[in-house]
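The values are calculated or read from the model by the stated rules, or taken from the named source; none is laboratory data. As the structure is a prediction and not an experimental result, all values here were calculated from the model. So basically every Cβ, Gly included, is an ideal-geometry build from the backbone, and we count neighbours across all protein chains shown. Keep in mind that these areas ignore ligands, DNA and RNA; they rest on the heavy atoms of the full protein, side chains included. Shrake-Rupley method; radii C 1.70, N 1.55, O 1.52, S 1.80 Å.
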Amino acid sequence: MVSLLELTLQLSRASDMVSPELNHHQRLVAYITFNLGEELNFDEKKLNEVSVAAILHDIGGLSMQERINVLKFEAINPHQHARIGWLLLKDYREFAEIARIIKFHHVDWNKGEGLRFCGETVMLESHLIHLADRIATLISRGEKIINQKDQVFEKIVSASGQKFNPDFVKAFEQLKEKEYFWYDLESISNGRRYYKKINFKDQCLDMDELIGIAKLYARVIDFRSNFTAVHSEGVSAVAKRLAQHLSCDGLTCKKIQAAGYIHDIGKLSVPSEILEKPTSLTHEEFALMKQHTYHTFVLLHQVQGLEEINEYASMHHERLDGTGYPFKLTGKELSLGARIMAVADIFTAVTENRPYRKGMQKDEVIMVLKNMALDGKIDTRIVETLITFYQDINKARIKAQKKARTRYDDFAKLLV
Ligand SMILES: [Fe+2]
Ligand SMILES: [Fe+2]
Ligand SMILES: [Fe+2]
C-alpha cells in the first residue's frame, strides 16, 4: 500500500526543483492556502481539496522560464500554465475537482465578476489559491520573513476587491498577526521543520490504483517536451512485456510497469529548455540532464512501500560493467527489474520516432543491443528474450505509444 499524498508531494517537489528561484513555491502556497482556509472555517473536505490543489497549482508550468515569470506579482499571461495544469490532471478521477480549482488560480476577483471567467464558473477555492500565491510571490528571500509582513499586507490590501476577494483579505489580516505563520514560512523556505502541518487527508493506493496514478505521472513527465512526449508509456509497455516473457510473477510485472511510467520523474527538475534544445548540450547542461536518475531515486525513496519500484525505476542508466550512473553499481548489485528497465529504456529510445528523426529498424536495433550485451553493459538473457519476442514486444510499445501520442496531440491542440 502506498500513500497518494506522499506521491503527490513528491510530484510537487520534483517540479519545484527545476529552479532554485522557485524556493519551495508550491509548498509555501499550500501552507498559506491551508492557513487561510482554516481562518475562513472551510470544512474539512474543502480545506483538503484546496490544499492539494495548491501543492500542484503550477504543475502546468512546463518550462523553467514560465515558472519563474509567474513569480512576478503582475504576471503576464498567467492563465496558460493554469490551463495546462488542468489539462494534465483532469482525467484522473481523484484529481478532477482539484484540476478545476487549478484551472482558474490566476483569475482576478474584479469586484465579484471573477466568479466567472471565459463563460465558466470560477470556484472560490481558485480565488483563495490566487491570494495565497500572490502572498508567496511578495515574500523575498533576502530578509527575515516576519519583517516583511506589513509590507506584504499593504500590497495585498491595496488590491483587495480588484485582484482578491475582500473576505479572503480579511482572513489574511487576522492570520498575519500570528507570528508562527511567518516563522513557519521561513522554515519551509529553508527546508526546515515547522510548526503547523497541513492536515491533508490521505488515501492508500493498491497496486492497480498505483499503476493508474503512475500513468498520470508519465503524462506530467513526458508532456513537457514534444521530443519525449510518449517515452515513458513506451518504456513501461516494453518493460512489462519483457518481465512477462522472463516469467516474473504477476505482482513483479505490475511493479515493473509502474516503474516504467515514473522512471524519468527526476526529469521534472531538468528545464524543458534543455530537454528541447535542438543543438548539442553544453557540459553543464549534460551534467544537469544526467542527474535525473539521482533525483528519481531521492524523490521516490521518500515514499514508503515504493522501495522495489524505486529500485527498478532509478537504475535505468546503470550498466552491468559499472560504467553507468549515478551509483556506479555493477551486475551483481542490479536486480532483474533494474536490468529490464535499462534494456526497455534503450530499446524504446532507439525505436521511437522523434520529431527530428525516425526510429531505428529491427536489424539495427538488434545490432545495437547485442553489441551492448557483448560489451558487458546490459543483460544478455534479457536482450535474447527481446530478440526472441521482438514482434510482440515492439507491437506492445507501438500500441502504447500510439495511444499516448493521440492524447498528447489532443493536449497540444488545446494549448493554442
Ligand atoms: Fe500559477
Ligand atoms: Fe504559483
Ligand atoms: Fe532516463
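Listed here are the helices (runs of 4 or more DSSP H) enclosed by region 92-197 that have at least 2 residues being closer than 24 Å to Asn69 by Cβ and open to solvent by less than 20 Å² (accessible area, probe 1.4 Å): 96-103, 124-138, 149-158, 179-189.
Contact map, region 57-82: residues that are among the aromatic types (Phe, Trp, Tyr) paired with residues that are more than 7 Å from ligand 1 (Cβ to nearest atom) and open to solvent by 10 Å² or more (accessible area, probe 1.4 Å), Cβ distance under 7 Å, separation 6+ or inter-chain. Pairs shown: Phe73/Thr137; Phe73/Leu138.
So, in region 326-362, of the ones that are among the polar types (S, T, N, Q) and over 18 Å from Met372 (Cβ atoms), which residue ends up least open to solvent (accessible area, probe 1.4 Å)? Selected residue: Ser335.
Out of Glu273, Glu284, one residue alone is out of contact with any Cys (no Cβ under 6 Å at 6 or more places or on another chain), of a type in the set (Asp, Glu), more than 16 Å from ligand 3 (Cβ to nearest atom) and within 21 Å of Lys328 (Cα to Cα). It is Glu284. Checked against (1) more than 16 Å from ligand 1 (Cβ to nearest atom); (2) among the aliphatic types (A, V, I, L, M); (3) within 15 Å of the chain's Cα centre (by Cα), Val52 passes all but condition (1). Restricted to region 73-83, and to residues there that are at pLDDT 85 or above and in contact with a helix residue (DSSP H, G or I) (Cβ under 7 Å, 6 or more places away or on another chain), the residue that is most open to solvent (accessible area, probe 1.4 Å) is Arg83.
Taken over region 60-70, the criterion of being assigned to a loop (DSSP other than H, G, I, E, B) and either touching an Asp or Glu at 6+ places or on another chain (Cβ under 7 Å) or within 9 Å of ligand 1 (Cβ to nearest atom) (or both) is satisfied by Gly60, Gly61, Ser63, Val70.
Six or more apart or on different chains, Cβ atoms under 9 Å: show the pairs whose first residue is in region 358-372 and farther than 14 Å from Tyr390 by Cα and whose second is assigned to a helix (DSSP H, G or I) and hydroxyl-bearing (Ser, Thr, Tyr). Matching pairs, first to second residue: Gly359/Thr351.
Between Thr406, Thr385, the distinction of being assigned to a helix (DSSP H, G or I), among the polar types (S, T, N, Q), assigned by TED's automatic domain parsing to the domain that holds Lys332 and open to solvent by less than 30 Å² (accessible area, probe 1.4 Å) belongs to Thr385 only. Checking His57, His130 one by one, the residue that is within 18 Å of the chain's Cα centre (by Cα) and within 11 Å of ligand 1 (Cβ to nearest atom) is His57 and no other.
Output the residue which, of all residues in region 220-253 that are open to solvent by 40 Å² or more (accessible area, probe 1.4 Å) and charged (D, E, K, R), is nearest to Ser272 (Cα to Cα). Among those residues, the one meeting the criterion is Lys240.
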